[in-house]
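A short write-up of the structure that comes next.
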Amino acid sequence: MDTGESIADRSERAARVRPVVPIAAVAGAVVWLLVGLAGAGLSWSAGTSRYSSVIDLVLPPTAPPVVWAQVAPWNVVQPVLVAVLFGALLGLGLALVAGRPGWATSSRLLRIGAAWLVAVFAADLTALLWTVGTAVVDPGPNGYMWVLRDAIPTAVATGWFGTVWGWVPAVIVGAAPRLPAGSTSRTRAGRRTAAVAGATALVVAVVLIAVQPTIARDARVAAGGTPDGLPTETVTPTPRPAAPAPVAADPVTPGAGWCSAEDVQLSLSGVDGALGHRAMSVVLVNRSSSACIVDGFPDVAFAADDGATVAVPLEHGASYMGGAATPAPVTVAPGATAVAALSWGAGGTGEAVSTFWLAPYAGASRTPLTADTDLAADATVTVSAWATPTTGSD
């Protein structure tokens, strides 16, 4: 159909349209990197306070927090590679969508919506390629499952990034002028862009996964270990710490009616994980024939496989994973329960914890309980106050 537009005008307008997909892909990669960096910085500043969940909503984590704390240069190189991978996958998706029949003449709102949805899928695919590829190449000391279990929460977080920030590349794509009906330059340009973006995504994904063993090796060296993770030969072995004391060295004075160690049975729930965080519940059951009271925080100490004490820093209060922040007396009827939460960050590289020494309060006799976790000595454990369990709690 003759629109009254000259061939020269059509060519000029087509030339203005072609660069929008690469520009949108680059913009998406830059936003990915900046949002992840800003979110990590603010989360560290806020610690495990009340603001963490708000920060994750506005600035979704585009990488687990441990990535930004790696040894140089990987704390910069790895996030940049992931951002480039996202940009390449975004460019591939946008190029494929833009090559569909009717795209060039569709409404601006429709193009923005389609491009926004592509950003969400590209973010999810980036997270899955990275986490699963890393698990296969370098499963770490805790095996495949601890790495793979982060794949879905990470994909959810990055998918939320696409939902919150995908409008940036989408608006860039939607802002391009329509091509004249019957033009084929958009299709040819889209095919070239898709080929370049697909090749870039493949190369970056391979590089990102291939460097993971090197990153792990550098982390072991920075922590004072050997590149291969094997212990160095020593003439005189370093004495191991003793087992945790059966009673805390800094006891508190129990109040009237407090539950004694003989009145209760303590146990640990399974581990929950989300966005690089871990949590498990300390469950107290009153086995006596009368009600008793728990108040404050449970007493916790840690030990390795050989029983030696593992010095893990402790904080009291609520965390990103929940738990009661303020102590309050909890009356536990016979057969009833009280709970407290133990929370920590994933990705620790220090000595592993296998036994938890627990007591209802500091000064009561401790009970050793084993648990399969990824808790390590360089993590900080947040201990919440005793509380009445909510419906569905362990």
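The values are calculated or read from the model by the stated rules, or taken from the named source; none is laboratory data. These numbers were taken from a predicted model, which means no experiment stands behind them. Here the Cβ is made from the backbone with ideal geometry for all residues, glycine too, and neighbour counts use every protein chain on show. Ligands, DNA and RNA are excluded from the accessible area calculation, which covers all protein heavy atoms including side chains. Shrake-Rupley method; radii C 1.70, N 1.55, O 1.52, S 1.80 Å.
With the structure loaded, tell me whether A362 is at pLDDT 95 or above and open to solvent by 10 Å² or more (accessible area, probe 1.4 Å) or whether it fails that test. Judged against the criteria, A362 is not a match. Answer yes or no as to whether P334 is open to solvent by 40 Å² or more (accessible area, probe 1.4 Å), of a type outside the set (G, A, S), touching a strand residue (DSSP E or B) at 6+ places or on another chain (Cβ under 9 Å) and assigned to a loop (DSSP other than H, G, I, E, B). It is true that P334 is open to solvent by 40 Å² or more (accessible area, probe 1.4 Å), of a type outside the set (G, A, S), touching a strand residue (DSSP E or B) at 6+ places or on another chain (Cβ under 9 Å) and assigned to a loop (DSSP other than H, G, I, E, B). Where strands (runs of 3 or more DSSP E) fall entirely within the range 244-298, those with at least 2 residues that are of a type in the set (S, T, N, Q) and in contact (Cβ under 8 Å) with a residue 24 or more places away in the chain are at 277-286.
Contact map, the range 354-368: first residue more than 14 Å from L268 (Cα to Cα), second residue of a type in the set (G, A, S) and outside any strand (DSSP E or B), Cβ cut-off under 7 Å, separation 6 or more or different chains; pairs are Y361/G296; A362/A248; G363/A248; A364/S260; A364/A261; S365/A261.
Taken over the range 337-348, the criterion of being touching a Lys or Arg at 6+ places or on another chain (Cβ under 7 Å) and not in a strand (DSSP E or B) is satisfied by A346 alone. Screening L109, L128 for residues that are open to solvent by 80 Å² or more (accessible area, probe 1.4 Å) and at pLDDT 75 or above leaves exactly one candidate, L109.
Condition check ((1) surrounded by fewer than 17 Cβ atoms within 10 Å (Cβ to Cβ); (2) modelled with pLDDT under 70) across all residues:
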{"residue": "S6", "(1), (2)": "yes, yes"}
{"residue": "A15", "(1), (2)": "yes, yes"}
{"residue": "I23", "(1), (2)": "yes, no"}
{"residue": "L33", "(1), (2)": "no, no"}
{"residue": "L42", "(1), (2)": "yes, no"}
{"residue": "S49", "(1), (2)": "yes, yes"}
{"residue": "I55", "(1), (2)": "no, no"}
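What do you reckon, is V147 in a helix (DSSP H, G or I), at pLDDT below 70 and crowded, with 20+ Cβ neighbours inside 10 Å? Here the answer is yes, as V147 does meet what is asked.
Testing T380 on (1) surrounded by fewer than 19 Cβ atoms within 10 Å (Cβ to Cβ); (2) under 14 Å from A304 (Cα atoms); (3) polar (S, T, N, Q), one condition comes back false. Which one is that? All conditions are met except number (2). The residue pairs whose first member lies in the range 63-82 and is closer than 21 Å to H277 by Cα and of a type outside the set (V, I, T), whose second member is modelled with pLDDT of 70 or more and open to solvent by 60 Å² or more (accessible area, probe 1.4 Å), and whose beta carbons are closer than 8 Å, counting only pairs six or more residues apart or on different chains, are W68/L37; P79/L37.
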